[in-house]
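A.B. asks: Below is one structure. I have some questions about it.
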Amino acid sequence: MSTLRQGGTLFSFLPLEPGGGGGAAINFRAHITNISDSHSPSWGEHMDMGRADPKLMYQSYSRSINVDFWTVAIDTGEETVWLKALSSLAEMTKPKYKPGEGFQGVFTKLLIGNLIDEIGVLTNVDYSIDNETPWKNDVPLYVNCSVSLKVVGSKKPSYKISPASFKPGFGTGKSK
């Protein structure tokens with residue numbers, strides 16, 4: 001997967017501050033090995049008088065995005081740049097303390113090309129270094145990463161009918 005495009009970054013994490021602003025974007029040139037986008041409704045069962053079967057009631061909705069990728073040092077010295085970027089990404093999972101206000105989490109904007117542009121909170125940042133990984137200057141040349149984002153979104157989720165739909169006969173050689 002190509003990870004850089006002209007005029008912008010294809011794969012990045014942007015920390016967001018309440019009231020606008022935030023830190024610098026963490027941009028990656030990485031090989032994405034897996035993207036999963038999970039939409040999870042919650043339904044509850046309620047019994048009505050006079051019915052033996054339960055009535056199903058919609059209760060809640062949540063969405064989470066998981067991205068697995070690995071960074072690799074191609075240019076000389078790039079391995080330290082990636083380790084600093086991964087360290088900055090892990091820092092976004094820690095609380096931010098404000099005097100007199102306690103602590104709060106950091107919201108994050110995840111951008112993956114034209115596929116994903118969502119705001120949420122990082123619920124997991126995991127790194128692993130394979131025992132076959134070559135090292136240079138006491139630093140691994142590539143690192144496997146897994147990141148989970150619980151989507152908060154910028155608008156409330158709502159069902160809408162999509163204009164795209166499956167049409168019988170598509171790809172069967174039949175003309176309409």
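A.B. asks: Given the structure, is Thr108 part of a loop (DSSP other than H, G, I, E, B), at pLDDT 90 or above, surrounded by 14 or more Cβ atoms within 10 Å (Cβ to Cβ) and at negative phi? Working first, answer last.
C.D. replies: Numbers: part of a loop (DSSP other than H, G, I, E, B): no; at pLDDT 90 or above: yes; surrounded by 14 or more Cβ atoms within 10 Å (Cβ to Cβ): yes; at negative phi: yes.
No, not satisfied.
A.B. asks: Now for a separate question. With respect to Thr76, determine if the residue is touching a residue at least 24 places away in the same chain (Cβ under 8 Å) and at negative phi.
C.D. replies: Judged against the criteria, Thr76 is not a match.
A.B. asks: State which residue pairs qualify: first residue closer than 12 Å to Leu89 by Cα and inside the stretch 123-146, second residue surrounded by 13 or more Cβ atoms within 10 Å (Cβ to Cβ) and of a type in the set (Val, Ile, Thr) in any location, beta carbons under 6 Å apart, and separation of 6 or more residues or different chains.
C.D. replies: As it stands, the answer is Val125/Thr93; Val125/Val147; Tyr127/Val143, since those pairs meet every condition given.
A.B. asks: Among the residues that make up the stretch 20-33, is at least one of them of a type in the set (Val, Ile, Thr), surrounded by fewer than 15 Cβ atoms within 10 Å (Cβ to Cβ) and modelled with pLDDT under 95?
C.D. replies: Within the stretch 20-33, one or more residues are of a type in the set (Val, Ile, Thr), surrounded by fewer than 15 Cβ atoms within 10 Å (Cβ to Cβ) and modelled with pLDDT under 95.
A.B. asks: Could you look through the stretch 112-155, keep only residues that are among the small types (Gly, Ala, Ser) and assigned to a strand (DSSP E or B), and pick out the one that is farthest from Arg29 (Cα to Cα)?
C.D. replies: Checking each candidate, the answer is Gly120.
A.B. asks: Now a separate question. Would the stretch 43-51 turn up any residue that is in contact (Cβ under 8 Å) with a residue 24 or more places away in the chain, of a type outside the set (Ser, Thr, Tyr), loosely packed, with under 14 Cβ neighbours inside 10 Å and out of contact with any helix residue (DSSP H, G or I) (no Cβ under 6 Å at 6 or more places or on another chain)?
C.D. replies: Within the stretch 43-51, not a single residue is in contact (Cβ under 8 Å) with a residue 24 or more places away in the chain, of a type outside the set (Ser, Thr, Tyr), loosely packed, with under 14 Cβ neighbours inside 10 Å and out of contact with any helix residue (DSSP H, G or I) (no Cβ under 6 Å at 6 or more places or on another chain).
A.B. asks: Pick out the one residue from Ile116, Ile65 that is within 30 Å of Trp43 (Cα to Cα), among the aliphatic types (A, V, I, L, M) and buried (at least 17 other Cβ atoms within 10 Å of the Cβ).
C.D. replies: Ile65
A.B. asks: Further question: Might you check whether a residue that is within 30 Å of Lys156 (Cα to Cα) and part of a loop (DSSP other than H, G, I, E, B) occurs anywhere in the stretch 52-60?
C.D. replies: yes
A.B. asks: Still on this structure, please answer the following. Quick one: count up the residues across the stretch 61-80 that are small (Gly, Ala, Ser), assigned to a loop (DSSP other than H, G, I, E, B) and over 16 Å from Ile129 (Cβ atoms).
C.D. replies: 1
A.B. asks: Let me spell it out: the conditions are (1) outside any strand (DSSP E or B); (2) exposed (fewer than 10 other Cβ atoms within 10 Å of the Cβ), and Leu83 meets all of them except one. Which number is the exception?
C.D. replies: In the conditions (1) outside any strand (DSSP E or B); (2) exposed (fewer than 10 other Cβ atoms within 10 Å of the Cβ), Leu83 misses (2) alone.
The values are calculated or read from the model by the stated rules, or taken from the named source; none is laboratory data. This is a predicted model, so every value here is computed, not measured. In this analysis, Cβ positions are derived from the backbone assuming ideal geometry, glycine residues included, and neighbour counts consider all displayed protein chains.
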